[in-house]
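Only the coordinates and a few stated rules stand behind these numbers; no lab work does. Predicted model, so just to flag it, every value in this text is computed and none were measured. Quick reminder, even Gly has a Cβ in these numbers, built from the backbone with ideal geometry, and neighbours come from all protein chains shown.
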Amino acid sequence: MKWLGEADETGGWVLKRRGCTHGSIAMAEEQRAMAAPEQVAEQWKAAMPVRLPGMLLSEVDDHADDIRDALTIMRRVRAGESCADILLEEPYRSRLEPDFDLLAAMHSGHDAQEIEKLAFDAVKSGELHAEDLWMKVSCLSFHDTDDSIRFRFSYGMEMFKDQEDDPLREELAAELATRVFPECRMITAHRELCGLLAGVLGYSPVYVERLIYSNAPGGGAQLHQDVEGGHAGVVYAQLFGHTGWLALPRSVLLGEIEDFLSTTEIPEFNSLKGLHQDDMIGLLESDDQGPLEALLNATPSFTRHLIEAGHGLVLAPGDILLLPQASTEHCCWHSVFCLDEEPGHSLSFAITHPS
């Protein structure tokens, strides 16, 4: 097993994503230390990324078989097998029955990145308990060199999710994720993590909208935020492999963009220079970012600018990253790079309050 990807002459890991090489990133010494609870609270309040190094190390060992099973199902899906067929095999059949009934594989029709969507009913004492639960398997991009995929567990209509409020189905969708990927318990049953978050939030966290990621070599996620109504933020756990991150509050990102544009001579970005901050925010939050998208995601000199300003992170197996996402004004923007020569495995759960 090879843990590390390609290293450069400085000993850092080379950042490659979707055909673009962004430079390199190294593990800063200060990233190896666990922050005190009061520091975590301060960072969260400031919408900064909160790294909790090694918090899940013992759980990674305890769930080694579950992680191996997950890597296997990810490999099989990448090879073109139907996830529906895989879940009819052991150990998945026994994990799901008799509480979850796999109905059918379908395609939602509005998401070109979707690979397969599976519909489930929840059953209790032989009777229908809840319906319209689902697991969706998607690729992260259309780039030929990016084999990154994710599994999302939720319920109801994706396009109108913000209009739905069904605590029962939300809880059942979370349980469905745990049945397929038992390593979800590494987060949900972790007393220290849950206690730390309770102290920061003022309530015991509930983990919903569960995503299981497998970032592949040359892949990962572009710079984005995950703000959603009712969610306080995201907890991300690295279980297998290493990932490189750019993560910073939106207010800081806007400042870094302004600083970079003041010194760059790249003609493509001339139209961004001198934009009023409100206009830059509108562009940043838009589905069509225009030249800003290239600046954020395909400009190695800007990536280096962010890393040199201290906004780069490396996550290893057992590490947790907390990403505040209270609102579009107060959130942590982030992007991800796979640092290994084989696909990884990670968990990403939204944090909300009890119903």
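Can you tell me which of 50-62, 176-188 comes out highest on packing, and rank the rest after it, using the mean Cβ neighbours within 10 Å?
Peptide ranking by packing, descending: 176-188, 50-62.
Which residue, GLU341, GLU158, GLU127, tops the fluctuation ranking in a GNM of the chain built on C-alpha contacts under 10 Å?
Result for the chain, Cα springs under 10 Å: GLU127 fluctuates most.
Under the rule a/c < 1.5 gives rounded, and otherwise a/b versus b/c splits prolate from oblate, where does the range 270-355 land using the Cα gyration tensor?
oblate
Cα centroids of the range 307-341 and the range 82-103: how far apart, whole angstrom?
Comparing the Cα centres of the range 307-341 and the range 82-103, I get a distance of 33 Å.
In deg cm²/dmol and to the nearest 500, what is the mean residue ellipticity at 222 nm of the chain if only DSSP H runs of at least 4 residues count, each as -39500 (n - 2.57), divided by the residue total?
Rounded to the nearest 500, the figure is -8500 deg cm²/dmol.
Size of the dipole of the range 211-355 about the Cα centre, Lys and Arg at +1 and Asp and Glu at -1 on the beta carbon, nothing else charged, in debye to 20?
300
Please work out whether the range 77-147 counts as rounded, prolate or oblate from its C-alpha gyration tensor, where a ≥ b ≥ c are the square roots of the eigenvalues and a/c under 1.5 means rounded, while otherwise a/b larger than b/c means prolate and anything else oblate?
Oblate, because a/c is 1.5 or more while a/b does not exceed b/c.
How would you classify the range 76-199 from its alpha-carbon gyration tensor, with a ≥ b ≥ c the square roots of the eigenvalues: rounded for a/c under 1.5, else prolate if a/b is greater than b/c, otherwise oblate?
rounded
Sum up the charges of everything whose Cβ sits under 14 Å from the Cβ of PHE260, counting Lys and Arg as +1 and Asp and Glu as -1, but leave PHE260 out.
Surrounding charge for PHE260 is -4.
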